[in-house]
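S.K.: Dumping the structure here so I can ask a few things about it.
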Amino acid sequence: MSALAGDRSRLQATLRSPAVGRLGVIAAGLVIWEALARTIADPAFVSPPTRVLQALVTRTLADPMVLRAIGTTFWELLLAFGLAVFAGTAVGVLVSVSERISRTSYPLVLMLYAVPQVTVLPLFVMFLGLGPASKVAFGFTHGIFPIMVNVIAGMRDINPAFVRSARSMGAGRMQILRHVVFPHLVPSFFAGMRLSMAMTLLGVILAELYASIDGVGYFAHLYSESFDPAPLYALIVVLALMAVLLNELARRAELRFAGRRR
């Protein structure tokens, strides 16, 4: 009886876990989507999940051109995101090291951040063409500002007493940055990194949608114009998997650095 009670309690604990709850919500959403897509939705605009899965296997992943487009989008995203993280962190730290520089530069950063990036997309195409360079640059401009703003905010939240204490013990500028500033930037930095990843992906896909001859965005535009929703939804699934993969890598890195911070 005790073994049976223990198995029942473990089963109840498993069913109450957040992972099971999330899977239940996803499953319920897929069932509702399948039912609505097969009954009242227009098949020219909505495909049921079963057809999307079939298109993902038989058309998206089986087409060499689409696979090459997925690879192109992925490395464009990685390059733009890496450049945005590096440049955004460097500029954010440089803007915050001096009160005079911060008062002068921070309003300019906020002003540029408020400009809708899509309005300057024609300039990127004009100067960089239809190739990958304009997609990387456009994704970079989307991703750099969340990093900069969060790094600057994190620098402003550092207690000045910590910096003064480090200086009183003989720490140099690089030692202060390494042992005081950067550990306290971890929460703000990774919050900005997650926002930057989403914005970079948005910038790359927007550029591919409106000015491209390759990439996931180009094929998404092609499928939408031909009213072929199943492979279009399959490409959306691929983009979602890209975002989930990068977000998971950022989460694991955050956990690692958070342990060092403690």
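S.K.: Which residue is farthest from Lys135 (Cα to Cα), if the candidates are limited to region 189-235 and must be aromatic (Phe, Trp, Tyr) and in contact with a Lys or Arg (Cβ under 9 Å, 6 or more places away or on another chain)?
M.R.: Top of the filtered list is Phe190.
S.K.: Additional query: Which residues, counting only those in region 26-81, are within 22 Å of the chain's Cα centre (by Cα) and over 18 Å from Val216 (Cβ atoms)?
M.R.: Within region 26-81, just Ile26 meets the criteria.
S.K.: Which members of region 208-241 meet the condition of being among the aliphatic types (A, V, I, L, M) and crowded, with 18+ Cβ neighbours inside 10 Å?
M.R.: The answer is Ala211, Val216, Ala220, Ala230, Leu232, Ala234, Leu235, Val238, Leu239.
S.K.: Can you give me the number of residues within region 32-71 that are surrounded by 12 or more Cβ atoms within 10 Å (Cβ to Cβ) and outside any loop (DSSP other than H, G, I, E, B)?
M.R.: Qualifying residue count for the region: 23.
S.K.: Let me ask another. Please verify whether region 159-168 includes one or more residues that are modelled with pLDDT under 80, more than 27 Å from Leu108 (Cβ to Cβ), among the hydrophobic types (A, V, I, L, M, F, W, C) and touching a His at 6+ places or on another chain (Cβ under 9 Å).
M.R.: Checked region 159-168: at least one residue is modelled with pLDDT under 80, more than 27 Å from Leu108 (Cβ to Cβ), among the hydrophobic types (A, V, I, L, M, F, W, C) and touching a His at 6+ places or on another chain (Cβ under 9 Å).
Here's the yes/no breakdown for (1) out of contact with any helix residue (DSSP H, G or I) (no Cβ under 8 Å at 6 or more places or on another chain); (2) surrounded by 19 or more Cβ atoms within 10 Å (Cβ to Cβ); (3) in the same structural domain as Val204 (by TED's automatic domain parsing):
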position	(1), (2), (3)
Ser96	no, yes, yes
Tyr106	no, no, yes
Thr119	yes, no, yes
Phe124	no, yes, yes
Pro132	no, yes, yes
Phe138	no, yes, yes
Ile144	no, yes, yes
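S.K.: In region 108-117, what count of residues is obtained for those that are surrounded by 11 or more Cβ atoms within 10 Å (Cβ to Cβ) and out of contact with any Gly (no Cβ under 9 Å at 6 or more places or on another chain)?
M.R.: 4
S.K.: Please state which of the following conditions Ala243 fails to meet, knowing it meets all the rest: (1) out of contact with any Gly (no Cβ under 9 Å at 6 or more places or on another chain); (2) not in a helix (DSSP H, G or I).
M.R.: Just one mismatch for Ala243, condition (2).
S.K.: Please find, among Ala62, Ala69, the residue that is among the small types (Gly, Ala, Ser) and out of contact with any helix residue (DSSP H, G or I) (no Cβ under 9 Å at 6 or more places or on another chain).
M.R.: Of the residues listed, the single one that is among the small types (Gly, Ala, Ser) and out of contact with any helix residue (DSSP H, G or I) (no Cβ under 9 Å at 6 or more places or on another chain) is Ala62.
S.K.: Something else: Please go through region 1-54 and pick out each residue that is among the hydroxyl-bearing types (Ser, Thr, Tyr) and either modelled with pLDDT under 65 or closer than 15 Å to Val237 by Cβ (or both).
M.R.: Passing the criteria: Ser2, Ser9, Thr14, Ser47, Thr50.
S.K.: Right, something else. Can you tell me how many residues within region 225-255 are under 30 Å from Pro183 (Cα atoms) and touching a helix residue (DSSP H, G or I) at 6+ places or on another chain (Cβ under 7 Å)?
M.R.: 6
S.K.: Gly92 - would you say it is of a type outside the set (Ser, Thr, Tyr), assigned to a helix (DSSP H, G or I) and under 18 Å from Gly203 (Cα atoms)?
M.R.: Spelling it out, it is not the case that Gly92 is of a type outside the set (Ser, Thr, Tyr), assigned to a helix (DSSP H, G or I) and under 18 Å from Gly203 (Cα atoms).
The values are calculated or read from the model by the stated rules, or taken from the named source; none is laboratory data. Here the structure is a predicted model, which is why all the values come from computation and not from measurement. Neighbour counts are summed over all protein chains in view; Cβ atoms, including those assigned to glycine, are modelled from backbone coordinates with ideal geometry.
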